[in-house]
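As structure tokens, the structure follows; a few thoughts come after it.
Rule-based calculations on the coordinates, nothing more; no lab input. Here the structure is a predicted model, which is why all the values come from computation and not from measurement. Neighbour counts run over all protein chains shown; Cβ positions are idealised from the backbone, glycine included.
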Amino acid sequence: MKSLLLTLSLLVTSMSTLGADMSNGANNFYQSERVTVEKVTFNNQYGMTVAGNLFVPKHLAPSSKNAAIIVGHPMGAVKEQSANLYATKMAEQGFVTLSLDLSFWGASAGEPRNAVLPDLYSEAFSAAVDYLGTRPMVDRERIGVIGICGSGSFAIAAAKIDPRLKAIATVSMYDMGAANRNGLKRGVTLAQRQQVMLQAANQRYVEFQGGNTVYTGGTPQALTGDAVGDEFYDFYRTPRGAFTPAGASPQNTTRPTMTSNVKFINFYPFNDIETLSPRPLLLIAGANAHSLEFSEDAYQRAAEPKELVIIPDAGHVDLYDRVSLIPFDKLTSFFRSNLK
């Protein structure tokens, strides 16, 4: 493992940019000899294909019924970015795990690519329950979920109306609704929001008449000096975490279409979050994360049982792949206790 990290570090150093920070155990593409991996597909409720990777511990008895965990990737990412790492690590602890691509992203169906539709994102988690709950090796009464970044809010939205998700954990969660309505630390004014909506609405005319698709947000193409943008760049634009699915454009990685991104403004995943109770909720965030406010907000609104775990010296993206910072022991104890 040290030799692999050294090789990647040397590769990054040779780049003309500042390069990826591979310290603190960054290991997004981790693989395990103790786990088997199978590419799977299944349909959501609307007949659209959802693609996933199924991870199974090699020691499981063929006839056993086991707890399972669904893992959702960061917003704009694909399952190969962070979700596979979490799924692999949790499979090493004895769980059957399933990482998935949200609709419009990765290998899952949906046109146009990179479109935003929060209800379909949340539906992917319920479709994953459909799939896992009909596998012979899975106990359908013992299925949990981990949502990373934006998938934290999609997983919560799914769990509010799908009681089959028995335990919910989020990591570096973004409330994608609040982030688009208000910005970080409520830095977006109503006038700015209205301008964004007007631009998106007018762009619909362009695309309806065959014009070029415009993308927004996501990861910058170069380092800019903006702390948040550069943090994402260090993961998505470097060997640390860069992954482009077949047929996709590297330039548009993580970038949603402008015309659809405004749909997040109508997304309120934390409304009625208290109705998750008595199912347990675990919220994990970095002490230095720009997204910490969203986990704190969810914690304040949620009912017991709930827990907020803040990781010292960790930022938002640190918890995507830095295995020395990610509290896998806490996730393991949480799901073992609550998926008994």
Which residues qualify? For residue 36, with a placed amide H closer than 5 Å and at least 5 residues away or on another chain, they are 56, 58
In nm, to one decimal, how far is the modelled label at residue 33 from the one at residue 340, with both set 7 Å along Cα→Cβ?
3.5
Cβ crowding within 10 Å averaged over residues, with 333-339, 228-234 ranked highest first
228-234, 333-339
Estimated distance in nm for a label pair at residue 207 and residue 332, the labels positioned 7 Å out from Cα along Cα-to-Cβ:
4.4
Whole-Hz ³J(HN,Hα) for each residue in the range 137-154, computed from phi via Karplus 6.51 cos²θ - 1.76 cosθ + 1.60 with θ = phi - 60°, x for glycine and proline: what do you get?
7, 10, 7, 5, 8, 9, 10, x, 8, 10, x, 9, 6, x, 5, x, 6, 5
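Once you have the Cα-Cα distance between residue 23 and residue 191, take 0.36 nm times their residue separation minus that, and quote the gain in nm to one decimal. If you can, show how the numbers build up before the last one.
Details: separation 168, 0.36 × 168 = 60.48 nm, distance 4.11 nm.
The residue 23-residue 191 span can extend by a further 56.4 nm.
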State the antiparallel share, in %, of DSSP beta bridges confined to the chain, rounding to the nearest 5.
35
Labelled set (i) 56, 47, 38; (ii) 58, 43, 43; (iii) 57, 52, 40; Cα extents along the principal axes in Å computed from this model equals the value at (i)
List, in order, the whole-Hz ³J(HN,Hα) value for each residue of the range 285-293 obtained from phi through the Karplus relation with A = 6.51, B = -1.76, C = 1.60 and θ = phi - 60°; use x for Gly and Pro.
8, x, 4, 9, 6, 5, 8, 3, 4
Describe numerically, in nm with one decimal, the distance between label points set 7 Å from Cα along Cα→Cβ at residue 304 and at residue 59.
3.5
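Gain in length, residue 139 to residue 221, computed as 0.36 nm per residue apart minus the alpha-carbon separation, to one decimal in nm?
Working: separation 82, 0.36 × 82 = 29.52 nm, distance 4.40 nm.
Once the chain is fully extended between residue 139 and residue 221, it gains 25.1 nm.
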Output the peptides 277-285, 188-196, 123-131 sorted from most to least packed, where packing is the average of other Cβ atoms within 10 Å over each peptide's residues.
123-131, 277-285, 188-196
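Could you put 89, 330, 79 in order, starting from the residue whose Cβ has the fewest other Cβ atoms within 10 Å?
Numbers: 89 22, 330 15, 79 25.
Fewest-to-most Cβ neighbours within 10 Å comes out as 330, 89, 79.
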Under 5 Å from the placed amide H of residue 215, counting only residues 5+ away or on other chains, we find 258
Using the Karplus curve 6.51 cos²θ - 1.76 cosθ + 1.60 with θ = phi - 60°, work out ³J(HN,Hα) for each residue of the range 83-88 in order, rounded to whole Hz, and write x for Gly and Pro.
4, 4, 4, 4, 5, 5
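What's the extension gain from residue 251 to residue 272 if we count 0.36 nm per residue and subtract their Cα-Cα distance? Provide the component values of the computation, followed by the final result.
Details: separation 21, 0.36 × 21 = 7.56 nm, distance 3.73 nm.
Fully extending the segment from residue 251 to residue 272 adds 3.8 nm.
Do the sum for the chain: with -39,500 (n - 2.57) for every DSSP H run of n ≥ 4, divided by all residues, what is the mean residue ellipticity at 222 nm, to the nearest 500 deg cm²/dmol?
Numbers: 11 runs with 114 residues, N = 340.
After summing the helix terms and dividing by residue count, I get -10000 deg cm²/dmol.
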